[in-house]
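The values are calculated or read from the model by the stated rules, or taken from the named source; none is laboratory data. Computed from a predicted structure; not experimentally measured. All Cβ positions, even for glycine, are placed from backbone atoms using ideal geometry, and neighbour counts span all protein chains on display. Please note that ligands, DNA and RNA were not included when accessible areas were found on the heavy atoms of the full protein model with its side chains. Shrake-Rupley method; radii C 1.70, N 1.55, O 1.52, S 1.80 Å.
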Amino acid sequence: MAVTELAPTDEIQELRGRYRAFMEEHVYPNERALQADDAELIGSLRARAKDQGLWAPHVPPEAGGTGQGFLAYAHLNEEIGRSTYAQLVFGCQAPDAGNAEILHLFGTDEQKERWLKPLVAGEIRSFFSMTEPEVPGSDPTTLRTTAVREGDEWVIDGHKWFSSGADGAAFGIVMAVTDAEAEPHRRASQILVPAETPGVEIARAVPVLGHAGSGWSTHCEVWYRGVRVPVENTLGEPGDGFRIAQKRLGPGRIHHVMRWLGQMQRAFELLCSYALEREAFGSRLADKQTVQNWIADSAAEIHACRLMTLDAAHKIDDGDEARVEVSVIKYYAAQALHDVIDRAIQVHGARGLTDETPLAEMYANARAARIYDGPDEVHRMVVSRRILKEFEKGGTWRFS
């Protein structure tokens, strides 16, 4: 594939400039207030983003957004992804973004009217409830939460955690076993559950690396005890849970990597700028060979991540699921993100551990990135198995 195919169009370049200007004027100066979950500020910035045509760039206009595909979204995220809070400002935050996508793909007209429309508009929030504390999240065939059909209702019982954003959400998409006798990947279904339904208990926000989060960024433990919802709340058909999960998690993974591109580039800029400012032992940090090596390695890793992400996004736009490509960039970019931020912190010294820069928060998020949406080891396994399968069939693996 020619690199020119991955370049942004003039329209996307212009749009990216508008996002950059918005970030510089409204997001970076307000990061502390956004971190504190200032509802009035968040509301005003979201209204401004809508007025400027910058709202919900992850979904197409027919779903209520302004999206133009994965490749365009990747380019835009080099700006949006630079701040954790920009996702919320522009209405493309997880888990709402992924939930909106699968509602758009699999929801009935009634489900879209009730849930998708207000979700994309930013009028309500949602959560995705799949991971369970008793079984490994890397193997969802072991899920224990059940949904038993009684007449025209599902009765849901189970225990979940890392149901991100559940505190204050209007509804969740719950993954539950609906047919224990089916083959492993047809046992589960995804069911829309209003948060106020009797039997739904949000037990706590699980602290992550010492922080419980706030508002949209919590990771909740949730109990379902005799929760009754109509069968018509099923997303897709019964037994489609795993298929829908793949449709959600695949794009969700590349969306994460897109945001990481912005994070890496911001950390890289902080690394280089501070290395030029700070002096130690008679010379600038930028003149030390070790720091120069860090800068060179970071530049190479960011460039590799960027091209791999754009390539995968282009393939998805062309109708390819790009599962190998997405798995490759998920684990490779997660490690690169961690390493680039780690080097930037090291150059800043003790200052890098404080909230004087965004690096400390970025570092905590980067460490989590190597686990959520599939740990690095699982993605490596997926990549190697799929490649070896091609060789077993007598073929080879093409990188283009």
Q. Based on DSSP H runs of at least 4 residues, each adding -39500 (n - 2.57), what is the mean residue ellipticity at 222 nm of the chain after dividing by all its residues, to the nearest 500 deg cm²/dmol?
A. -15000 deg cm²/dmol
(Q) Between V177, V382, V155, where does the largest GNM mean-square fluctuation fall for the chain, given springs only between Cα atoms within less than 10 Å? (A) V382
Q: Select from the range 119-179 those GluC sites (Glu not before Pro) which occupy a DSSP coil region and have at most 13 other Cβ atoms within 10 Å, ordered by residue number.
A: E123, E134
Q. With +1 on each Lys and Arg Cβ and -1 on each Asp and Glu Cβ, how big is the dipole of the chain about its Cα centre, in debye rounded to the nearest 20?
A. 720 debye
Q: Give the relative contact order (percent, whole number) for the range 71-184; include only Cα pairs under 8 Å separated by 6+ residues.
A: 24 percent
Q: Keeping every protein chain in place, order L71, L271 by accessible area at 1.4 Å, biggest value first, i.e. largest first.
A: L71, L271
Q) Considering only DSSP states other than H, G, I, E and B, which GluC sites (Glu not before Pro) in the range 258-338 qualify as loop sites with at most 12 other Cβ atoms within 10 Å? A) none
Q. Which value does Rg/Rh take for the range 225-285 over its C-alpha atoms, Rh per Kirkwood?
A. 1.47
Q | Full-stretch length increase - E201, D297 - with 0.36 nm per residue and alpha-carbon distance subtracted | A | 29.9 nm
Q. Could you give the length gained on full extension between E150 and D287, defined as 0.36 nm per residue of separation minus the Cα-Cα distance, in nm?
A. 42.2 nm
Q. What are the extents of the Cα atoms of the chain along their three principal axes, listed from largest to smallest and rounded to whole Å?
A. 78, 61, 42
Q: Would you mind calculating the relative contact order of the range 244-400 from Cα pairs under 8 angstrom and at least 6 residues apart, reporting the percent as a whole number?
A: 26 percent
Q.
I need the per residue convex hull volume for the range 126-223, using only the alpha carbons, in cubic angstrom as a whole number.
A. 92 Å³
Q: Give me the orientation-averaged projected area of the Cα convex hull of the range 1-63, in nm², one decimal.
A: 6.0 nm²
Q. Taking a temperature of 37 °C and a viscosity of 0.692 mPa s, what whole-number D in µm²/s does Stokes-Einstein yield for the range 170-314 with Rh from Kirkwood over alpha carbon pairs?
A. 167 µm²/s
Q. Projected area of the range 43-135, taken from the Cα convex hull and averaged over every viewing direction, in nm²?
A. 7.2 nm²
(Q) Can you compute the radius of gyration and Dmax for the range 228-375, using only the Cα atoms, both in Å? (A) 19.4, 72
Q: Using the heavy atoms of the protein chains and a 1.4 angstrom probe, tell me the accessible area per residue for the chain in square angstrom.
A: 46 Å²
Q | Qualifying chymotrypsin sites (Phe, Trp or Tyr not before Pro) in the range 344-400, DSSP loop, other Cβ atoms within 10 Å at most 16 | A | W397, F399
Q. For R32, what accessible area in Å² do you get when you roll a 1.4 Å probe over the heavy atoms of the protein chains, rounding to the nearest 10?
A. 150 Å²
Q.
I'd like the accessible area for E24: 1.4 Å probe, protein heavy atoms, all chains in place, Å² to the nearest 10.
A. 110 Å²
Q. Which Cα, out of T178, N30, L261, lies furthest along the positive dipole direction of the chain (beta carbon charges, K/R +1, D/E -1)?
A. L261
Q. Using a simple spin-label model with points 7 Å from Cα along the Cα→Cβ vector, what separation in nm is obtained for A121 and T396?
A. 5.6 nm
Q: Report, to the nearest whole %, how much of the accessible area of the range 195-343 belongs to carbon and sulfur atoms, 1.4 Å probe, protein only.
A: 51 percent
(Q) How large is the Kirkwood hydrodynamic radius of the range 138-185, counting all unique pairs of alpha carbons, in Å? (A) 12.4 Å
